[in-house]
Every structure is written in structure tokens, then in C-alpha cells.
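In what follows, a single structure is set out as C-alpha cells and then discussed.
Readers should treat all values here as calculations from the given coordinates under stated rules, not as data from a laboratory. None of these values were measured; they are calculated from a predicted model. Ideal geometry is used to build each Cβ from the backbone, glycine not excepted, and the neighbour counts take in all protein chains shown.
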Amino acid sequence: MADTENNARPPLRAGVIGLGMIGGGVAVSLSRRGRVPVIHDIRPDAADGLAGVPCPVASPAAVAQASDVIMVAVVDADQARSVLTGEGGVLSTARAGSTVVLLSTVALAVVHELSAACARAGVRFLDCGVTPGDKAAEHGMVAIVGGAPEDLAHARPVLEDWARTVVHCGPTGTGMAAKIARNVVTYGSWRVVSEAVALSRAAGVEPATLAKVLETADPAGATLLQLLLLQSTDALTPDLRRQIADLMSKDLDAALALGGDLDVSLPSTTTVRATVTDTLAPARARPHQPEASAKQEK
């Protein structure tokens, strides 16, 4: 009987607010899956050129009125607040039990603020970091979700129509935290790579050649995640930690010596060398969730 009732339920209606690279791509992916969304953007021509996407409606409130799951993909915290709680905002018309999915990258304090506003209106809330943005229109993004499991279960069919993978990180705020941490890895790597390029170029190696070395030596990027995997599986024993520390120290000393010989500044490499022990320390236990945050989950 339950299966019959579930099959008889109408499909979830999707809405998208903000049609930049992320939101526009989400709208295109939804449309290609047959779940054509209701959309809104402050730019009247924002949907032009988005395949299969209908004309925008007049306001966030109009999106919420016609949607069960509302993706919010605006630029910053102020826009997110306005879209949700401002005049003509989502929460002025959203039905109890509908779900807001925040795709914008904002501070965790803002995530909890908006989650609480949704809770007061009887609306579910998920924070959802996304990556990579350039794959949004190709069903190619990862949805990095924080929120109550039952709220994710409600929205999952819609998320799976635009995300190739949905990863539940934990309660409210964890999706955003994981996305922010992922950004640290990305941009930190860029800085280190820029130093490596400067060093290799000064030694007569062209950047394209270095890129080929990096790509062929580690095509799947396993080296980037090696330490994280060792720490997360408790495989980094004291003996192995000492061995890796010795190797890191030796190799980084060689890099710094070469930088000195070639007069190439390597500030990030210097920091890495000075923090080898901290880098290899056991992963810290997950911090306790504050009671206030736990209450916001309900």
C-alpha cells in the first residue's frame, strides 16, 4: 500500500532563484531531466540562452508559491537574506514542508540565521555547497549538503536531477563548511603550484613541461588526498608518520635550497617546511555541535 501511495504522489516541483553560472546551470540540468523549474532573477534577460528554461516569474515569492524545493543561487549573504526574508521573498509564500536549498557560499553564521528563519516559517532548509561550477549545466556537480536527514530525503529527487553526486555531510552548516574547506584546498594548491612554477621556470623548466610531469605522475590526483586518507583511516602510525616527516623535510629542504640558489621566493613552501609536524599530526576529533545549532536542526 505504501509503495502505491508513494507512486501516486505528484512529482516535486522545483524552483531556482539566481541564474548565474550555478543557478542557470541547475535550471538547465533540471529542464533536461524533465523537471522544468520555475525561475527568477533580478535581470530580465537572465534566462536568455538557457536551453529549455522558461521565462522568469516576477519575484522569489512567485517561485516559492509554485515550488516544493527552491534552490537559491544568489551572489552573497545580503542577497540571500533579501530573497528569503525580504518583501516579496520566498518565506512570504512558501508552503509549510517545502524546502529551501541554499547554493550560495556564505558564512556559517548566515547559514544558521537563514535556517532559523525558515524553521519559524515551517520550511525545511539545506545548506548545499556545489562544485565544480562549470559543470552545472551538464549534470556534473557534486552537491555538498548539510541538514536534517529527513529534509534531505524530501529534496533528494530534485537534487539528483542536477547533481551527479549528493554527499550528506551532517547537520545544518556542515555542507557549507565542507565546501569552504574544499575551497581552501583548491586555492591553497594554486598558491603552492604558483611557487613550483616560479621555481621550475627559474631552473629552465617551462610551465607546460611541469604540468605534463604533474598530470602523468598523478593523473587521478591521489597524491593530493593521500594524507587525508591515511588520517581518516587511522593508517598513519607513529612509525609511518616519522618516515613521512623525514621525507617531507628532506624534499622541502631541497626545494628551499634551490629557491635560494635561484633567488626565488617560496613563502608557502617555507611555511610548509616549518609545520611538518603539525601537518602530520593525527586528525582532530570532530568538535561537539553547540546546543543552539542542534536546536536549529529541528
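Going toward the positive end of the dipole of the range 2-172, with +1 on Lys and Arg Cβ and -1 on Asp and Glu Cβ, which of P11, M71, V57 do you reach last?
Checking the options against the dipole of the range 2-172, the answer is P11.
Kindly provide log₁₀ I(q)/I(0) values, in the same order as q = 0.09, 0.11 Å⁻¹, from the Debye equation applied to equal alpha-carbon scatterers of the chain.
-0.57, -0.78
Report the trypsin sites (Lys or Arg not before Pro) located in the range 72-152 that are in a DSSP loop and have at most 11 other Cβ atoms inside 10 Å of their Cβ, or state none.
Filter output for the range 72-152: empty list.
Against the globular-protein guess of 2.2 N^0.38 Å, express the Cα radius of gyration of the range 199-280 as a ratio, rounded to two decimals.
Numbers: Rg = 14.7 Å, N = 82, 2.2 N^0.38 = 11.7 Å.
So the range 199-280 has a normalised radius of gyration of 1.25.
Would you mind putting 50-60, 260-270 in packing order, based on average other-beta-carbon counts within 10 Å, highest first?
Values: 50-60: 16.7, 260-270: 13.8.
Final packing ranking: 50-60, 260-270.
If the elastic network links every pair of Cα atoms under 10 Å, which of V90, V213, V16 fluctuates the most in the Gaussian network model of the chain?
V213
How big is D, in µm² s⁻¹, for the range 2-172 by Stokes-Einstein at 4 °C and 1.567 mPa s if Rh is the Kirkwood radius over C-alpha pairs? Please list the in-between numbers first.
Values: Rh = 15.5 Å.
Rounded, D is 83 µm²/s.
If you filter the range 180-287 for trypsin sites (Lys or Arg not before Pro), then keep DSSP loop positions with at most 10 other Cβ within 10 Å, what is left? Before the final figure, lay out each step's value.
On the way: sites: R182, R191, R201, K212, R241, R242, K250, R273, R284; in loops: R284.
Qualifying residues, ordered by number: R284.
Mind checking which of Q226, L152, A181 is farthest towards the positive end of the range 105-241's charge dipole, using Cβ charges of +1 (Lys, Arg) and -1 (Asp, Glu) about the Cα centre?
So the residue furthest toward the plus end is A181.
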